[in-house]
Amino acid sequence: MDKPDAGMPPAPQAPLKLAPPGACDAHVHLVAGAGEFPLWEGRAENPAPGPTLEGWLEKFRTQLKTLGFSRGVIVHSILYSTDNSVTVEAVRRMGTGFRGVGLLPDGASEQQMDQFVEWNICAVRLNYVHGGVLTWEGAKAMAPALAERGLHIQMLCHSDDHMAELAADVRGLNVDVVFDHIGWPKDALTAQSDGFQTLCGLLAEGKAWVKLSALYRMCAAPYDAADPLVAALIAANPERCLWGSDWPHLMLAGASMPQAAEMLNALDRVIPDDATRQRILVDNPAALFRFSRG
């Protein structure tokens with residue numbers, strides 16, 4: 001059956017305040033042209049037609065420059081399932097200052113994890129929202145081997161559905177766990193829900209990280225409806241917060257195509273001071289993703 005095409009992201013606009021030197025966009029996806037890399041038959045959509053991988057990388061470089069970023073983390077898209085080759089190639093071409101997040105199935109071998117290290121892939125992703133090949137039980141089983149290699153677990157979930165059942169396990173793991181998209185609450189955009197408060201508790205204890213990303217999936221621009229949640233996460237532990245644009249905004253599922261600058265403006269609307277901004281955009285990703293401090 002034919003798949004719909006994703007929309008093309010808008011040309012980037014400058015934010016009200018550029019990101020500082022060394023800033024990292026900690027959550028983007030890279031796609032490629034038709035036929036360049038094998039797509040998953042079960043995907044929800046095709047990449048936006050037209051650009052080759054190099055064309056998408058040029059768009060990404062323009063986006064980074066326009067917002068003031070010089071580092072990034074390329075998260076492998078479920079559009080390509082467990083064939084990580086498009087992400088591996090994107091990370092290779094972007095070079096120094098870029099890392100990847102890949103997909104591994106339950107029972108993945110230590111050799112596969114070693115390959116991730118060679119590829120500059122820094123984490124495995126578990127997707128509770130769209131499904132995938134890695135379960136929480138599988139992620140827990142591979143956690144010791146991930147930790148030995150300096151890898152971590154990145155998870156997309158709905159905090160109001162999943163955080164309560166995950167919290168005890170997360171506290172007991174010896175590997176970093178990063179939650180995408182402010183925990184993506186879906187029932188109500190409130191900082192008072194039990195699941196969101198549990199996420200804040202994990203941050204406060206230093207047991208988890210969170211990406212202040214993809215607000216457009218939860219509310220409309222200028223994304224001020226999410227201000228209380230972003231502020232609560234920063235207050236819980238600014239040393240465990242990251243920021244990501246979620247560019248090029250795949251699988252919108254009814255959300256409006258965003259302008260990344262507006263999401264960076266939204267962060268600046270609630271961030272308490274320049275030192276915290278530096279921590280979230282530069283220092284925290286440098287620590288987690290092991291970027292050079294130079």
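Within region 74-105, the residues that satisfy the criterion of being closer than 20 Å to E41 by Cα, assigned to a loop (DSSP other than H, G, I, E, B) and in contact with a Gly (Cβ under 8 Å, 6 or more places away or on another chain) are H76, S81, N84, L103, P105. For region 233-292, the tally of residues that are small (G, A, S) and closer than 17 Å to C24 by Cα stands at 9.
Go through region 1-35 and count every residue that is closer than 25 Å to L156 by Cβ and charged (D, E, K, R). So the count comes out to 3. Yes or no: region 25-37 includes at least one residue that is surrounded by fewer than 22 Cβ atoms within 10 Å (Cβ to Cβ) and either touching a residue at least 24 places away in the same chain (Cβ under 8 Å) or in a helix (DSSP H, G or I) (or both). Yes; the residues of region 25-37 include at least one that is surrounded by fewer than 22 Cβ atoms within 10 Å (Cβ to Cβ) and either touching a residue at least 24 places away in the same chain (Cβ under 8 Å) or in a helix (DSSP H, G or I) (or both). Scanning region 105-134 for residues that are polar (S, T, N, Q) and open to solvent by 60 Å² or more (accessible area, probe 1.4 Å) turns up Q111, Q112, Q115, N120. Here region 84-104 is the region considered, the condition is being in contact with a helix residue (DSSP H, G or I) (Cβ under 7 Å, 6 or more places away or on another chain) and closer than 24 Å to K140 by Cα, and the residue that is most open to solvent (accessible area, probe 1.4 Å) is R99. Checking S213, S245 one by one, the residue that is buried (at least 17 other Cβ atoms within 10 Å of the Cβ), touching a Gly at 6+ places or on another chain (Cβ under 6 Å), under 28 Å from A44 (Cβ atoms) and of a type in the set (S, T, N, Q) is S213 and no other. Does A123 satisfy the criteria of being of a type in the set (G, A, S), closer than 30 Å to L252 by Cβ and at pLDDT 95 or above? So A123 passes the test. Is it true that P15 is within 15 Å of F60 (Cα to Cα), part of a loop (DSSP other than H, G, I, E, B) and touching a residue at least 40 places away in the same chain (Cβ under 8 Å)? No: the conditions fail for P15.
The values are calculated or read from the model by the stated rules, or taken from the named source; none is laboratory data. These numbers were taken from a predicted model, which means no experiment stands behind them. For neighbour counting, all protein chains shown are included, and Cβ atoms are generated from backbone atoms with ideal geometry for every residue, glycine included. For accessibility, only protein heavy atoms count, side chains too; no ligands or nucleic acids. Shrake-Rupley method; radii C 1.70, N 1.55, O 1.52, S 1.80 Å.
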